[in-house]
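Here's the structure we're looking at; comments come further down.
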């Protein structure tokens with residue numbers, strides 16, 4: 001499993017969900033995606049995180065450095081969430097749910 005440029009970088013320079021210009025767009029194992037946009041409708045920079053079929057979250061930043069730092073910080077959380085989601089539903093217990101919640105909280109805080 002690894003991070004790679006989403007859609008062979010074809011989204012770079014296009015408009016994103018926050019109406020900004022996409023400056024970074026990476027995907028993890030066809031299970032999650034992080035997109036950084038510049039000059040969107042809400043803030044100078046936005047970072048949208050999608051874990052497919054689980055959650056979407058957007059955070060807003062004043063600088064590209066802040067947005068990129070956030071992206072780098074949450075990549076490991078996303079990797080752990082994807083690993084947790086690979087556990088069979090019948091094997092998911094309270095500890096599993098707590099671990100999932102903690103990883104999601106690291107992304108949305």
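No value in this document is a laboratory result; all are computed from the given coordinates. Only a predicted model underlies this, so the values are computations on that prediction, with no experimental measurement involved. Methodologically, a virtual Cβ is constructed for each residue, glycine included, from the backbone with ideal geometry; neighbour enumeration extends over all protein chains shown.
When you look at residue 54, is it touching a residue at least 24 places away in the same chain (Cβ under 8 Å) and over 21 Å from residue 5 (Cβ atoms), yes or no? Talk me through it step by step, then tell me what you get.
Numbers: touching a residue at least 24 places away in the same chain (Cβ under 8 Å): yes; over 21 Å from residue 5 (Cβ atoms): yes.
For residue 54, the condition - touching a residue at least 24 places away in the same chain (Cβ under 8 Å) and over 21 Å from residue 5 (Cβ atoms) - is met.
What number of residues within the range 1-40 are exposed (fewer than 14 other Cβ atoms within 10 Å of the Cβ) and touching a helix residue (DSSP H, G or I) at 6+ places or on another chain (Cβ under 9 Å)?
1
Suppose we filter the range 61-74 for residues that are surrounded by 16 or more Cβ atoms within 10 Å (Cβ to Cβ) and either touching a helix residue (DSSP H, G or I) at 6+ places or on another chain (Cβ under 6 Å) or in contact (Cβ under 8 Å) with a residue 24 or more places away in the chain (or both); how many remain?
5
Quick one: in the range 41-53, which of the residues that are out of contact with any helix residue (DSSP H, G or I) (no Cβ under 7 Å at 6 or more places or on another chain) and on the phi < 0 side of the Ramachandran plot is surrounded by the most Cβ atoms within 10 Å (Cβ to Cβ)? I'd like the intermediate steps shown before the answer.
Restricting attention to the range 41-53, the residues satisfying the condition of being out of contact with any helix residue (DSSP H, G or I) (no Cβ under 7 Å at 6 or more places or on another chain) are 41-44, 46, 48, 50, 52-53.
Checking which are on the phi < 0 side of the Ramachandran plot leaves us with 41-44, 46, 48, 50, 52.
Numbers: 41: 9, 42: 12, 43: 18, 44: 16, 46: 23, 48: 20, 50: 18, 52: 15.
Filtering first and then ranking leaves 46.
Restricting to the range 65-109, name every residue that is more than 12 Å from the chain's Cα centre (by Cα), under 26 Å from residue 44 (Cα atoms) and part of a helix (DSSP H, G or I).
Residues satisfying the conditions are 65, 66, 69, 105.
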